[in-house]
Amino acid sequence: MPRPRPPRLTVLVAILAAAALVGLGRATAPASGAARARGYHDGTAAGYVDGFQAGRAQGLQEGQAIAETSKLPPGARDRAKAAFDAGYRAGANAAFGGYDGGWSLGQPYVVVLAKGADGIHLRNGTTFDVPDGFGEMLIGMRAGFRYNHGDESLDVLPTSSLPRSEVAWSLYRAATMPAWLPSYLAPYADLELPNLGPRKIPIVRWAVRYVGYPYVYGGEWGSVTPDGYCCGSQPTGGFDCSGLAWWTMKHPTKLWGNVPPRPYDGWPLPERTSADMASTRPRLAWDEVRAGDLLFYDGDHDGRVDHVDVSIGNGWAIDSSSGQGGVTIMWIGDGWYRDHFVHGRRIIPVQTTT
């Protein structure tokens, strides 16, 4: 059954264009040639890099044209400017404030998604403390507003001050997101987990702290790797899929192991890659999976596991993927994740109290 199509995003596009116009007014002048500007606006990686390096004066002219011909609600332009300026200056989780301001003014149902994510809770009503801006960050990541850099030293954290080009990318993605996307993300309007016991609640508390961290190939630390670490280095905090599984679940070891500052010890997980983690037995079918289990996927149906995340129950998982630009709480109850699921693995011993 096809998903319902939400209202058109005309107002959102206009507001985002106005916000971008004001907030990016002091961008560096671009290199000569309209091709660079066109490349940036088509959303390609090469075009983005050109825009990142050269600025986007041509884009500002296009935004000016859109803004001047748009019929914005009374006061919307001023409020969009304030939201963008506050987000850009603050840097931190409010760094996505430019497009959050656009959402607030133009599409209330998207704000509902962010509020639902902020209210992550168990079925019995138990809630979790989340960082400021958690909901906006999570929905923004899931909507594809984060750029995943090939040069990982350019990746940003939830607390990073964003360069103008990074904000411009987010605004551009928000303004051009497909009409079906808000309804596709509808499960986030009520992010409810099953009732969890004392071993698993700390996993969720720990995981929500890292939503918004970037995807880093080989990454397994929440910060730059410390001096003397045996197994490689990373230029910023961040994770690949199996590195996040380690950071969240692995019992620290003296050899080839990270030592997260977690409030719980973790469980044995010596394998590092998703394929190696998936190679053990017994294996869990979809309907056997519970919170705390590892979930494995074959993304290209070649018979080899190439992705892993950690279930937190009710069709949700803590996940790091390059397609989202980093760490999110992922809805896996249907769609790509359900279609590519291979099997699960339990590393938390079964007890009466879960």
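The values are calculated or read from the model by the stated rules, or taken from the named source; none is laboratory data. Since the structure is predicted, the reported quantities are computational estimates derived from the model, not experimental observations. When we count neighbours, we look across all protein chains shown, and the Cβ atoms used for this are built from the backbone with ideal geometry, even at glycine.
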Per-region count, region 243-257, residues assigned to a loop (DSSP other than H, G, I, E, B) and either outside the structural domain of C230 (by TED's automatic domain parsing) or crowded, with 19+ Cβ neighbours inside 10 Å (or both): 1
Answer residue from region 200-239, given it is surrounded by 13 or more Cβ atoms within 10 Å (Cβ to Cβ) and of a type in the set (G, A, S) and is modelled with the lowest pLDDT among those: G222
Residues that are part of a loop (DSSP other than H, G, I, E, B), more than 20 Å from P158 (Cβ to Cβ) and touching a strand residue (DSSP E or B) at 6+ places or on another chain (Cβ under 8 Å), drawn from region 175-199: P194, N195, L196
Search result, residues across region 143-162 that are surrounded by fewer than 17 Cβ atoms within 10 Å (Cβ to Cβ), over 30 Å from P198 (Cβ atoms) and hydroxyl-bearing (S, T, Y): S153, S160, S161
Counted residues, region 291-306 - those being part of a loop (DSSP other than H, G, I, E, B) and within 13 Å of I332 (Cα to Cα): 1
Residue in region 264-287 that is more than 16 Å from R345 (Cα to Cα), surrounded by fewer than 20 Cβ atoms within 10 Å (Cβ to Cβ) and not basic (K, R) present: yes
Residues that are among the aliphatic types (A, V, I, L, M) and in a helix (DSSP H, G or I), drawn from region 203-241: I203, V204, A207, V208
In region 123-142, the residues that are assigned to a loop (DSSP other than H, G, I, E, B) and either surrounded by fewer than 18 Cβ atoms within 10 Å (Cβ to Cβ) or at pLDDT 85 or above (or both): R123, N124, G125, T126, F128, D129, V130, P131, D132
